[in-house]
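In what follows, a single structure is set out as structure tokens and then discussed.
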Amino acid sequence: MSRIILLLLTIIFCASVHSGEFAVAPMVINIEGEKNKPIPFEFTVKAKKSGKVVLKIYDLNQVETGHMGFMEGDSSNKSSKAHWIKIKENKFALKSGDYRVAKGTIKIPSRARGQHLAAIMVEEVQSEEEKKGISVNVRYAVVLKINTDNGKKRRTRTKTKFEDLSFRKVEEGWEFEGYFKNLSKVEGHLNTELQLRSKDRRLVGRLQLKTLSAWQRNEDASMVYPGSRVKVFGVLPKNIVEGTYQIRIKNTFNRRNQPVFRHEITLSEQGNTSPDQAEVKGLAGS
């Protein structure tokens, strides 16, 4: 059974007392080329001590926190990037101080559109002795960013959806959260501002909503990949009193303004959502 690994951790714990002793570069490879023809790529693995490594193909998907999830690819499944990618040599040994250039090819199907992600997971192979006890096994993900347009400038539609706004009382004040979905074929940076206004439209407070990944990295915007649905959230301070307010949420995606989300809410400790007005869709061209 395939298992999903979240990029919340760069270290995967298993049985052994040794840490990873190799380095990988580059960590991100941009790929574009003619469809249905093998496109070569390569990266370098350098050993800090003697050992063996194994290379595996993984599919990537973005989870609602904004982090990336990894699922081992299946070459028999045409929807898996493992069906696109071939690795020349998926297992090799290295002596201390040596390096090896890992090589592979990717063949983009003719019907593929937009941007796609995949990864080559580089993992240390441990001996039976090393597997005994408690240890750290390090995996490195070389991310492949695949552009199917082959350098051609195409008119790209930006299509998005904002939905499922909710809030709750927390110790720091009022926490708001909602979900943003990128229905476009391209990735982009998302800037989300929530404005809270009184019935007479006076601005009472504003805050930025971001994904957990963006908050953890202290980034100004949230990265959202094609087809992903992410949760964005933020907290208004304690001095906002209970009552009825107008909500405005302004989303800017890839520097393009999306339709403004407008809604009336009543702040109370019980929280409140209104399903009949809980989403707004955007569609724009470039």
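Before moving on, here are some points about what is shown:
- The strands (runs of 3 or more DSSP E) found wholly in the range 19-59 and carrying at least 3 residues that are surrounded by 19 or more Cβ atoms within 10 Å (Cβ to Cβ) and in contact (Cβ under 8 Å) with a residue 24 or more places away in the chain occupy 39-47.
- Of all residues in the range 60-77, those being in contact with a Gly (Cβ under 6 Å, 6 or more places away or on another chain) and surrounded by 15 or more Cβ atoms within 10 Å (Cβ to Cβ) number 1.
- Here is the figure for the range 76-87: residues that are assigned to a loop (DSSP other than H, G, I, E, B) and more than 20 Å from R139 (Cβ to Cβ) total 5.
- Annotation note: of E242, E187, the sole residue that is over 17 Å from the mean Cα position of the chain (by Cα) and either on the phi < 0 side of the Ramachandran plot or acidic (D, E) (or both) is E242.
Rundown of residues vs (1) over 18 Å from I39 (Cα atoms); (2) not small (G, A, S); (3) not assigned by TED's automatic domain parsing to the domain that holds L209, yes/no style:
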residue	(1), (2), (3)
E72	yes, yes, yes
S75	no, no, yes
S80	no, no, yes
F92	yes, yes, yes
Y99	yes, yes, yes
I106	no, yes, yes
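- Sole residue being part of a strand (DSSP E or B) and small (G, A, S), chosen from G69, G97: G69
Results for (1) at pLDDT 90 or above; (2) surrounded by fewer than 13 Cβ atoms within 10 Å (Cβ to Cβ); (3) acidic (D, E); (4) in contact with an Asp or Glu (Cβ under 7 Å, 6 or more places away or on another chain), shown as yes or no for each residue.
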residue	(1), (2), (3), (4)
S79	no, yes, no, no
I87	yes, no, no, no
K103	yes, no, no, yes
A118	yes, no, no, yes
S127	no, yes, no, no
G133	no, yes, no, no
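- Unique match (being modelled with pLDDT of 90 or more and surrounded by 16 or more Cβ atoms within 10 Å (Cβ to Cβ)) among L203, L183: L183
- Pairs, first closer than 25 Å to I247 by Cα in the range 180-195, second assigned to a strand (DSSP E or B) and among the acidic types (D, E), C-beta under 9 Å, six or more apart: F180/E163; K181/E163
- Filter result (of a type in the set (A, V, I, L, M) and modelled with pLDDT of 90 or more) within the range 237-286: I247, I249, V260
The values are calculated or read from the model by the stated rules, or taken from the named source; none is laboratory data. None of these values were measured; they are calculated from a predicted model. Every residue, glycine as well, gets a Cβ built from its backbone with ideal geometry; the counts of neighbours run over all protein chains shown.
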